[in-house]
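Inspection log for the structure reproduced underneath, given as structure tokens.
Laboratory data are not the source of any read-out in this text; all were calculated from the coordinates shown. All values derive from a computational prediction rather than experimental measurement. Cβ: placed from backbone, ideal geometry, glycine included. Neighbour counts: every protein chain shown.
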Amino acid sequence: MSQSYDRGTVEDFGRWRSFTAGMWAWLFHKFTGWVLIGYLFTHIAVLSTALTGEAAYNDTIVGLESLAIVRLLEVGLLAVAVFHILNGVRLLFIDLGTGLEAQEESFYASLVITGAITIASVPTFVSGVF
Amino acid sequence: MSTQPDQTDDETESTPEPDAEPEPESPGERRRAEKAARAEAAEEEAADAEPDLGDDAITLKVFRYDPEVEGKTEPRFDTFRIPFTKGMTVLDALIEARDTYDSSLTFRHSCRQAVCGSDALFINGRQRLGCQTQIADLDGDVVRVEPLPHQDVVKDLVVDMEHFYDQMEAVEPYFQTDETPDGELEEQFQTPENREEIKMSTRCIWCGACMSSCNIAADENEYLGPAAINKAYRFAMDEREGENMKEHRMELIEQENGVWRCQTQFSCTNVCPKDIPLTEHIQELKREAVKSNLKFW
Amino acid sequence: MAEHYSSFDRSGTKWLLQRVTAAFLVVVLAFHFFLLHFVNHAADVTFAGTSARMSTWTYFSLMVLFLLTATFHGVNGVHNAIVHRDGIDGWKQTAVTAVLVVASLIMVVQGLRTALVWTNLF
Amino acid sequence: MREYDVIVVGAGGAGLRAAIAAQEAGADVAMVTKLHPVRSHTGAAEGGINAALREGDDWHDHAYDTMKGSDYLGDAPAVEALTRESPKETIQLENWGMAFSRDEDGQVSQRPFGGLSFPRTTYAGAETGHHMLHTMYEQVVKRGIEVYDEWYVTRLAVSDEDEPEERDCHGVVAYDIKRGEIEGFRARDGVILATGGLGQVYDHTTNAIANTGDGVAMAYRAGVPIEDMEMIQFHPTTLPSTGVLISEGVRGEGGILYNSEGERFMFEHGYANNDGELASRDVVSRAELNEVNNGRGIEDEYVHLDMRHLGEDRILDRLENILHLAEDFEGVDGLEEPMPVKPGQHYAMGGIETDEWGATCVGGLYAVGECACASVHGANRLGGNALPELAVFGARAGRHAAGDVDEEAKITTGWDEDSEEGENVSPVALGEAGLPSAEKGALADGGATAESAGDAGVVEEAVQAERTRVHYLLEKEEGVNHAEVREDVQRTMTENVNVFREESALKDALGDIREARKEYQHVTVEDPSRTYNTDLIHTIETRNLLDVAEAITVGALARDEFRGAHWRKEHQERKDDEWLKHTMLSWNDGSPGLWYKPAVLEGEDKTYEPKERSY
Ligand SMILES: Cc1cc2nc3c(=O)[nH]c(=O)nc-3n(C[C@H](O)[C@H](O)[C@H](O)COP(=O)(O)OP(=O)(O)OC[C@H]3O[C@@H](n4cnc5c(N)ncnc54)[C@H](O)[C@@H]3O)c2cc1C
Ligand code: HEM
Ligand code: SF4
Ligand code: F3S
Ligand code: FES
């Protein structure tokens, strides 16, 4: 074969403008999954302060929870988790072979519901720090 | 009028340098150089005059690349203005551009009726068959044509299909039965229902649109891709092949690079010009695989 | 592939487990979030409170299962993403697997140790 | 140079079947094709495969129908080989897994087709060709047969003895489209041409853009006679804007043709009182044009084909593909409205002269499929008879080339004692358009090499000649683009050598073709690239179109009678005393000569007596 032009990875991702619902769902699911597992690691790390004693644990939790930034991150975490759950359920249905025709709609539904739940829970999450 | 350089990529479209030393050039080269110069002049004129092709002219932006032709080794977009006629397809427009303006414009095509699978292209941001895409159905007045993404470009709109063919051929894409009929004129019966079940999967024309649209199949990886899995489906679901053969087929598609890699992006299903429900077929095979595994557990 | 029937196919098993854990996680994660952010506000969590919950068998075993499934689900997801998307194989694949397995083992051990601090079941 | 026992040129249905057969007979086979096999135009065939499979049917009846359909210009031994072996080949395809449509009891389905006395057209939806092509290619993959795809065969390596019958074919020269390299392929046992149709001679055709009659033109220039080239089939139901085919299956299932007055004209105007819409294709095509010419066409161009009354279920089950075609290429919903249709070029009955084993008069050279003329279709092909031809003759030629057959052929090839010299009918000179001598070698394709060069030498020489030609085309000074020449040819053919043929128009066409030949001398290739140079390929193809178009027109002018697809204004009847013979054309190193050969009407155990052909 003579030369050919390899457009490379950059161009693969440069196509995001033409992504369809299913691709976005895939991307978001990936992203949220990674955030969740990342969080799980930190979560366990935080919790294991309990190993050094009751006081250390309580102080860490209270200390962290009093930071506005942590509260905001928690809202983000909720959004991420809710999307991952909803889209995860969507994927489970797809795996079972139901609702394939409605795959776009169900993705949009996941997004909307995630948004709604996130907004609705903001008061609960931030109460006490602002 | 002739090809017009795309405004955004104009650095790549440099005017041909006049040869400094008298290189021994062939008549063909000389002719081409002259022609290029003339075309250039005509182009400038045309750009000034803004040729009038009627209200119905469309603008075609086409990806150009040629590994050995000067000025084309850096990919660029060329712009053609084509008079629009009713019922014109993107393929028609490309042919028109080639036959009237630039005969070096290169693309695959043959049947003009969506059966040969030669002209899967990236048209306005989506994989489509040029011959099956009515220009009137596209949004906007600019038609942007690129070679299929995720594949190496050989020249202009022609991509290297070898990887796709390799994947298609990796799934043992041929009918095999547990037992062959004895008599010369003996058919293997198949219920109309079973034929119906595999019908959609047999429609594939090997155009490669699906593979090109799948992010998982992109890159240098060995994922079989939707078309090849669909091919496997076509045989695995065909009752005439028999149970043992089906086991064998399931093994093939359950490998590392088989069905498990699909992340249900659905883009394959979206772009398939033959409306094959690819994702559905892949998912069905995943479930079949789990089921057949559970049986032996 | 010759050994196909003797053992459950690896990638197929993991695929299925990923779904099964997901289905389980839907419930537990929702419960977890609800309990620790809405019923009991996260800011009000204390060692004593956690300890009390952890001292019932149902809650304790649920949390341990939660830890195990979430770890499997998350780490396996990451593993798939790396191995499948980038299509790496050979020693690189082995290395990725090893790192991920070690990391999750550390996390599970650490998680269990923490859980044992709280509980008075043993 | 690459070397194989058998080289198959073209990978449509005919080529694939030939390759499989040759390989099964033990030959080392390679296929060389300008398109990837699954891109071949066999994939476009819709309707079905005729085979006498069922109780109550008999291959003799199929042979009779075919002979009648051919208007008694078919050669009986070939027709009988076709109809006798078609059931076997069809079931062979089924055994290879082809997804035929099925009856309730699980057998393959059959449906009625034009000109058949029994519903024996075996089909797979309205995509029979697609399934057949893919099934065969799958078998080629299974057998690991070597395929050179996107290699364009430009010339045959034939030795240059004086008489074509003494010549031998030693291989082919091919141009690797992707790399731009020319290479020789030596065939130890045989070269099988299976290059398909020539529809691009016309501008309104059901054929693919790649159907440029390359095989016919190459064989013709190598000295092989070509037969009945004037016999071009115009299909009555093609979409007006693109020429995309609406399968005869629609009429087979009960579709009805209406004119602008809403009359079912096939009956109401008495074109075919018994079979109506299902009369033979030539009859229906002429009827439609007659309606249009008499002011009963819609928009003065077409008629309507209505299938709405068949009901959605039946349409979806058996003709779904038609709905997509009508929608995508004409914007018409076949479930809601009638589809516009008009006749379009569809099939070439004529082609390279072969016997019933696919062998030509040049040693080691075979031709099968649409590029060949065995002849099974005579003056008119019945729908559903081409696909079985691919399978039957593909298999026969493959086996023969691999040396697996020692049966004498009943059909003779080349000049023999029954042949008769023809008169020159053309008002203008034919053949090579007086090229400047320096370039002659670069453009003429005739037999090329001296005996002394040896077998491989013949190929080597042909490769050299081809390199010169390609170099010449790429380096030529300023000139015209092949597309202009091609357009000229297509225009004049469509205008003058169409369904209705008239002496003065045919002569005009020959004049135009002469002009086009002269133009072609100035043709240049703009694209200097070696990589995927389609400009070069199309330029070479255009040369082939010229030769083929001329042959069609010469034959049409010579045959002053009305037979099958060939209608002549001045000669409104079939002249059996004079014209039960094939028109033959030989290149004679650049100056074509016309001659005739009697049609073979004696079959195995009966002679097919010409009867009036009414439907
Ligand atoms: C729209 C349509 C519908 C039809 N429907 C039916 C039907 O229902 N029933 C029926 O019996 N018949 C039907 N026919 C007729 C039949 O399909 C064709 O006659 C037949 O498919 C021709 O097959 P082939 O193998 O000879 O050629 P093709 O399938 O055309 O293949 C030609 C091959 O030759 C190769 N080739 C050509 N030139 C060169 C070259 N220079 N170098 C290398 N390779 C070359 C090409 O790449 C290709 O692989 C239909 C035809 C058309 C157009
Ligand atoms: C609560 C319910 C959850 C559901 C329904 C769910 C569902 C899923 C599903 C179905 C997949 C597979 C996607 C695929 O292979 O195509 C997946 C991937 C993943 N999940 Fe979850 N999940 C849940 C919770 C979690 C949690 C708690 C974590 C973190 C610990 C997590 C981390 C991941 C990761 C990292 C991936 C891989 C993403 C990728 O493809 O890159 N998930 N999830
Ligand atoms: S599955 Fe569809 S998109 Fe993919 S190659 Fe086949 S026809 Fe093309
Ligand atoms: S786009 Fe790719 S991820 Fe699966 S659903 Fe289609 S193969
Ligand atoms: S040209 Fe054949 S699919 Fe478009």
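Straight-line cross-link partners of C:Lys14 among the aspartates and glutamates, defined as a Cα under 13 Å from its Cα and at least 8 positions apart when in the same chain: B:Glu254, B:Glu256. Per-residue ellipticity at 222 nm from helix content only, as computed over the protein assembly as shown with -39500 (n - 2.57) for each DSSP H run of at least four residues, stands at -14000 deg cm²/dmol. Taking a point 7 Å out from the Cα of D:Glu475 in the direction of its Cβ, none of the residues of segment D:506-537 has a backbone N less than 11 Å from it.
Peptide B:146-157 has a mean of 5 when you count, residue by residue, the C-beta atoms of other protein chains within 10 Å of its C-beta.
Please go through the residue pairs B:Lys155/B:Lys246; D:Lys178/D:Lys518; B:Lys61/D:Lys142; D:Lys518/D:Lys569; B:Lys199/D:Lys88 and name each one whose alpha carbons sit more than 32 Å apart in this structure. Write down the numbers at each step before the final one.
Working: B:Lys155/B:Lys246 41 Å; D:Lys178/D:Lys518 30 Å; B:Lys61/D:Lys142 41 Å; D:Lys518/D:Lys569 30 Å; B:Lys199/D:Lys88 24 Å.
Beyond 32 Å: B:Lys155/B:Lys246; B:Lys61/D:Lys142.
Centre-to-centre separation between the Cα atoms of segment A:79-108 and those of segment D:345-385: 57 Å.
At q = 0.05, 0.06 Å⁻¹, what is the base-10 log of I(q)/I(0) for the protein assembly as shown according to the Debye formula with one equal point scatterer per Cα and no solvent? Please give it to two decimals. Normalising to I(0) and taking log10 leaves -0.39, -0.55.
Our estimate of slack between D:Lys88 and D:His60, defined as 0.36 nm per intervening residue step minus the Cα-Cα distance, is 8.6 nm. The residues neighbouring D:Arg251, those whose beta-carbon lies less than 13 Å from its own, together hold a net charge of -3 under the Lys/Arg +1, Asp/Glu -1 convention. When the inverse distances between all different Cα atoms of chain A are averaged and flipped, the Kirkwood radius reads 17.7 angstrom. Normalising the average separation of contacting C-alpha pairs (under 8 angstrom, six or more residues apart) by the number of residues puts the relative contact order of segment D:437-574 at 26 percent. Once you reduce segment B:264-297 and segment C:88-122 to the center of their Cα atoms, the two points are 33 Å from each other. Stretching the chain fully between C:Ala48 and C:Val102 yields a gain of 16.3 nm (0.36 nm per residue, less the alpha carbon separation).
Starting from the alpha-carbon convex hull of segment D:237-342, give the projected area averaged over all orientations, in nm². Mind showing how you got there, number by number?
Working: hull surface 23.5 nm².
Spelled out: convex hull of the Cα atoms, projected over all directions, averaged, 5.9 nm².
For the peptides D:68-76, B:151-159, the ranking by packing is D:68-76, B:151-159, with the highest mean count of neighbouring Cβ atoms within 10 Å listed first. May I ask which residue of B:Tyr174, B:Gln190, B:Cys210 lies farthest towards the positive end of the charge dipole of segment B:153-225, with charges of +1 (Lys, Arg) and -1 (Asp, Glu) on Cβ and the Cα centre as origin? Towards the positive end, the residue furthest out is B:Cys210.
Take every DSSP beta bridge with both residues inside chain D and express the antiparallel ones as a percent of the total, to the nearest 5. The antiparallel fraction comes to roughly 65 percent.
Couplings for segment B:175-188, taken from phi via the Karplus curve 6.51 cos²θ - 1.76 cosθ + 1.60 with θ = phi - 60°, read 5, 9, 10, 5, 9, 9, x, 7, x, 5, 9, 8, 8, 9 Hz in order; Gly and Pro are left as x.
Quick one: grab the alpha carbon gyration tensor of segment D:1-76, order the square roots of its eigenvalues as a ≥ b ≥ c, and give me rounded if a/c is under 1.5, else prolate or oblate depending on whether a/b is larger than b/c. It comes out prolate by the Cα gyration axes. Net charge in the neighbourhood of D:Gly26 (other residues with Cβ under 13 Å of its Cβ; Lys, Arg +1, Asp, Glu -1) is -2. For the peptide B:200-206, the mean number of other protein chain Cβ atoms found within 10 angstrom of a residue's Cβ is 5.
Each residue of segment C:26-31 is assigned a 3J(HN,Hα), and the resulting list reads 3, 5, 5, 5, 4, 4 Hz, derived from the Karplus form 6.51 cos²θ - 1.76 cosθ + 1.60 (θ = phi - 60°), x at Gly and Pro. Using alpha carbons only, how many angstrom separate the centre of segment D:25-102 from the centre of segment B:200-231? Using only Cα atoms to place each centre, the spacing works out to 32 Å.
Mind running the shape call on segment B:190-297? Use the C-alpha gyration tensor, a ≥ b ≥ c as the square roots of the eigenvalues: rounded below 1.5 for a/c, prolate if a/b tops b/c, oblate otherwise.
oblate
Would you mind giving the mean number of other chain beta-carbons within 10 Å of the Cβ of each residue in A:25-37, as a whole number?
The mean count of partner-chain Cβ atoms within 10 Å per residue comes to 4.
Hey, quick one: spin label on D:Glu312, modelled 7 Å out along Cα-Cβ, who in segment D:322-340 has an amide N within reach, i.e. under 14 Å? Residues D:334-337 qualify, since their backbone N sits under 14 Å from the label point.
What does the highest-first list of B:191-198, D:43-50 look like by mean Cβ count within 10 Å? Please report the intermediate quantities before stating the final value.
Working: B:191-198: 16.4, D:43-50: 28.2.
Per-residue mean Cβ counts within 10 Å order the peptides as D:43-50, B:191-198.
Annotation: amide H-H contacts under 5 Å for D:Gly603 (H modelled 1.01 Å from N, sequence separation of 5 or more, or interchain): D:Tyr608. Rounded to the nearest 5, the antiparallel percentage of DSSP beta bridges internal to the protein assembly as shown is 70%. Among D:Gly334, D:Phe267, D:Leu257, which residue has its Cα furthest toward the positive end of the charge dipole of segment D:237-342, with +1 on Lys/Arg Cβ and -1 on Asp/Glu Cβ? Of the listed residues, the answer is D:Phe267. Ordering D:481-487, B:262-268 by mean Cβ neighbour count within 10 Å, with the highest value first, yields B:262-268, D:481-487. Dipole orientation for the protein assembly as shown: of the candidates D:Leu245, A:Val75, D:Val9, A:Val75 has the Cα lying most toward the positive pole (charges on Cβ; Lys, Arg +1; Asp, Glu -1). Cβ under 13 Å from B:Glu186's Cβ, B:Glu186 left aside: what net charge do those residues give with Lys, Arg +1 and Asp, Glu -1? Local charge sum for B:Glu186: -3. Compactness check for segment B:57-159: Cα Rg over 2.2 N^0.38 Å is 0.99. Remark: segment D:370-382, residue by residue, has Karplus-estimated 3J(HN,Hα) of 5, 6, 9, 9, 7, 10, 9, 9, x, 8, 7, 8, 7 Hz, where x stands for each Gly or Pro and the curve is 6.51 cos²θ - 1.76 cosθ + 1.60 at θ = phi - 60°.
Bridging of D:Lys575 to lysines at a Cα separation below 21 Å is possible for D:Lys68, D:Lys597, D:Lys611, once same-chain residues fewer than 8 apart are set aside.
Could you compute Rg(Cα) / (2.2 N^0.38 Å) for chain D, with N its residue count?
Normalised by 2.2 N^0.38 Å, the Cα Rg of chain D equals 0.90.
For segment D:370-418, applying the loop criterion from DSSP together with a ceiling of 11 other beta carbons within 10 Å to the GluC sites (Glu not before Pro) yields D:Glu407, D:Glu408, D:Glu417. Using only side-chain charges placed at the Cβ, +1 for Lys and Arg and -1 for Asp and Glu, the dipole size of the protein assembly as shown relative to its Cα centre rounds to 5600 debye. Given a Förster radius of 41 Å and the C-beta distance between A:Ile69 and A:Val89 as r, what FRET efficiency does 1/(1 + (r/R0)^6) yield to the nearest 0.05? Approximately 0.85, to the nearest 0.05. Structural descriptor for segment B:57-159: relative contact order 33 percent, calculated from alpha carbon pairs under 8 angstrom and at least 6 residues apart. In this structure the amide hydrogen of D:Gly171, modeled in the peptide plane, comes within under 5 Å of the amide hydrogens of D:Ala157, D:Ala187, none closer than 5 places in sequence on its chain.
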